[in-house]
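Trainee: Pasting a structure below so you can have a look.
Taken together, the values in this text are just the output of simple stated rules run on the coordinates, not laboratory data. Small disclaimer: the values here were computed from a predicted structure and weren't measured. Backbone-built Cβ (ideal geometry, glycine too); neighbour counts: all protein chains shown.
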Amino acid sequence: MTGLVILFFVAMWAGVQNALAGGGTFLTLPALMLTGMSALAANITSTVALFPGQITSSWGGRLHVAGAGGLGFRTLVLISLAGGVVGAVLLLVTPSDIFAKMVPWLVLFATSVFAWGSFGPKRANSAHLGAAMAGTAQFFISVYGGYFGGGIGFLMLAALTAAGLTIRNAQATKNVLAGVMNASAVAIFIFSPQIHWLQAGVVCLGAVIGGWVGGHMISRVNEKFLRGAAVAIGVALTIGLFIRAA
């Protein structure tokens, strides 16, 4: 019971983190692993548990979604659905021991992408991705999103702005597309015996409450501080996972 209470408050923090700056997965993944799950089960459980929060954030920005790179928004949705399915299937057929060895590298990649997107140099993007490149980029980002998902927000933001969207439209569009790719993954994951439903319910409840709280804190909290905290957690998690795998 103590472990579930701690998991609930960690999930609340993750919900606040996602609402304000992103990076909540860096909190829920290790918290679920500490309850005794394998890395594979924790990743699947976290994806399912955090999905309801993505629905609410997607709904809030639905009026600002747009197509990109000559592709219509519906086309991007279909590409995201397909990529999410491929990624989810790849995850389910990956043996648990192999995935455990991959997790430190996946977290390292996600942390690097998150850190670069948060603190790297900001450059004005001009439209230079055509339909083929924009569609290909979205497909592979969606595959990665269905498989692991850390850092997909910054990956999509970079691709969508490079395909000509303004930051405001790109933010809203990537929120919806992230929800879409995870919807396809969740539709597959719910049949997996790897899901720990009790922990998933606790994380879902905590993250939804945290997301609501975070939405009311947007104008009061320093976003750079939260992004820095997420990067610090990601670095610590990466180091810990590499030591554990050694």
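Trainee: How much FRET efficiency would the formula 1/(1 + (r/R0)^6) give for Ile209 and Ala229, where r is the Cβ-Cβ distance and R0 is 22 Å, rounded to 0.05?
Mentor: On the way: r = 19 Å, r/R0 = 0.87.
Using R0 = 22 Å, I get an efficiency of 0.70.
Trainee: So who's got an amide H within less than 5 Å of the one on Leu71, skipping anything under 5 residues away but keeping other chains? H placed 1.01 Å off N, in plane.
Mentor: none
Trainee: If each DSSP helix of 4+ residues adds -39,500 (n - 2.57) and the sum is divided by the residues in the chain, what number results at 222 nm, nearest 500 deg cm²/dmol? Write out the running numbers ahead of the final one.
Mentor: Details: 10 runs with 188 residues, N = 246.
Computed ellipticity for the chain at 222 nm equals -26000 deg cm²/dmol.
Trainee: Using the Cα centre of the stretch 2-245 as origin and beta-carbon charges of +1 (Lys, Arg) and -1 (Asp, Glu), tell me which of Ser96, Ser38, Ala185 is placed farthest towards the positive end of the dipole.
Mentor: It is Ala185.
Trainee: Of the listed peptides 27-35, 185-193, 172-180, what is their order by residue-averaged count of other C-beta atoms within 10 Å, with the highest listed first? Show your work: numbers first, answer last.
Mentor: Values: 27-35: 22.8, 185-193: 16.4, 172-180: 24.3.
Highest to lowest by the protection proxy: 172-180, 27-35, 185-193.
Trainee: If you don't mind, another one. Using each residue's phi in the stretch 39-47, evaluate 6.51 cos²θ - 1.76 cosθ + 1.60 at θ = phi - 60° and report the 3J(HN,Hα) Karplus result to the nearest Hz, with x for Gly and Pro.
Mentor: 4, 5, 5, 5, 5, 5, 4, 5, 4
Trainee: Pairing the Cα long axis of helix 96-119 with the longest principal axis of the chain, what angle in degrees results, from 0 to 90 and rounded to the nearest 10?
Mentor: The angle comes out at about 50 degrees.
Trainee: Moving on to the next point. In whole Hz, what ³J(HN,Hα) sequence does the stretch 228-241 give by Karplus (6.51, -1.76, 1.60; θ = phi - 60°), x for Gly and Pro?
Mentor: Working through the residues one at a time gives x, 5, 5, 5, 4, 5, x, 5, 4, 5, 4, 4, x, 5 Hz.
Trainee: Could you give the distance between the Cα centres of the stretch 23-59 and the stretch 140-167, to the whole Å?
Mentor: 19
Trainee: So what J values fall out for the stretch 138-146 if you push phi through Karplus, 6.51 cos²θ - 1.76 cosθ + 1.60 with θ = phi - 60°, rounded to Hz, Gly and Pro as x?
Mentor: For the stretch 138-146, the Karplus curve yields 5, 5, 6, 5, 5, 4, 4, x, x Hz.
Trainee: Using alpha carbon centroids, what distance separates the stretch 175-206 and the stretch 72-106, in Å?
Mentor: Value for the Cα centre distance between the two parts: 13 Å.
Trainee: Ordered by packing density, taken as the mean number of other Cβ atoms within 10 Å over each peptide's residues, highest first, how do 129-139, 78-88, 44-54 rank?
Mentor: 44-54, 78-88, 129-139
Trainee: Label Leu78 and Phe140 with points 7 Å out from Cα along Cα→Cβ: what is the distance between them in nm?
Mentor: Placing both labels 7 Å beyond Cα along the Cβ direction yields 2.2 nm.
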